[in-house]
Structures are given as C-alpha cells and as structure tokens.
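What follows is a single structure, written as structure tokens, with notes after it.
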Amino acid sequence: MQTDIDPRRLIGRKAFDSQGAKIGTVDEVYLDDATGTPEWAAVRTGLFSRDAFVPLEPSTFADDILHVPYERSLIKDAPDFGVGRHLSPEQELQLYHHYGLELSAAPESPATPSEPSAAESSADRSFGRVAGRDEGGTRAP
C-alpha cells in the first residue's frame, strides 16, 4: 500500500475484496509500532456485524476506495479482536497466519525474556496503535 497517505483518510472509506465485492467500511487503521506506517485496517462488515482486520501491505488505496486482494469469505473469517485497542504481537501473528503472509514481516519475539528498556516498553504499549488516537487511546483532535 502507499505509505505516503495519511491513514486517517482511510477511515470511513469503502473496502472491496479481490472480486470487487464490497466488504464494508474502514472503521480504524492500526499503525506499525516501530515504523508508524499503516499496517492493518478494521473494516466494518455490516450493520450488525463485526469489524474484520485486513492487511494494508498488499492492499491498494485509489479513488477513495480500499482494494483488498483477498476474498470476502477469508476476510470475514479473520480472527476477531474487537477494535479500539492495541493489537498484541500474538494477535498480529494470528492475522499474519490467517492471511498467509510472510512471517519475516511479522513481529519477532525475544529469544529470552529480559527487562525491557524504557523505549521498548513504550513500543510494546503502542504496538498496533490506532491512527488518530493519542497514547491514552482516545481520539486525537
């Protein structure tokens, strides 16, 4: 996906699957904790339905539409983690497995547990943070 786009522009936009079928509307965008680039979008799949996480890396955003290169059935079967919260490394790993994405791009676990530095603690808290929200999780102005 384009990395120069403001992820807040995705919110409220329609999302379509690989066959051109409407999936739903982008509810939230989750940023990579290390790079700050958009990584996942939560797409509302229907009026009384849930949000499904879709990867943004192989997706394209053109003409105010998010085109996701996966079939609707796979998207609707994605793990459900709810929205508005941080994605844990384990949750993101589940999403990588679900979509068959390369694990080399997935977050790595440390080989041995150790006391995290202040920078690492901050990164852990912001893992999968939501675009347009401050550190406390509230919507930024």
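Throughout, read-outs are computed from the coordinates displayed, never taken from laboratory work. Predicted model, so just to flag it, every value in this text is computed and none were measured. Here the Cβ is made from the backbone with ideal geometry for all residues, glycine too, and neighbour counts use every protein chain on show.
Could you tell me whether residue 42 is buried (at least 19 other Cβ atoms within 10 Å of the Cβ) and closer than 16 Å to residue 8 by Cα?
In short, yes.
Here is a list of conditions, (1) in a loop (DSSP other than H, G, I, E, B); (2) of a type in the set (Ser, Thr, Tyr); (3) in contact (Cβ under 8 Å) with a residue 60 or more places away in the chain, and residue 49 meets all of them except one; can you say which number that is?
(3)
Identify, please: which residue in segment 6-33 is touching a strand residue (DSSP E or B) at 6+ places or on another chain (Cβ under 7 Å) and part of a loop (DSSP other than H, G, I, E, B) and is, among those, surrounded by the most Cβ atoms within 10 Å (Cβ to Cβ)?
10
Report yes if residue 27 is of a type in the set (Asp, Glu), within 20 Å of residue 97 (Cα to Cα) and under 14 Å from the mean Cα position of the chain (by Cα), otherwise no.
The answer is no for residue 27.
Would you check which residues across segment 59-71 are part of a loop (DSSP other than H, G, I, E, B) and either more than 14 Å from residue 98 (Cα to Cα) or free of Cβ contacts under 8 Å to residues at least 40 places away in the same chain (or both) and list them?
59, 63, 64, 68
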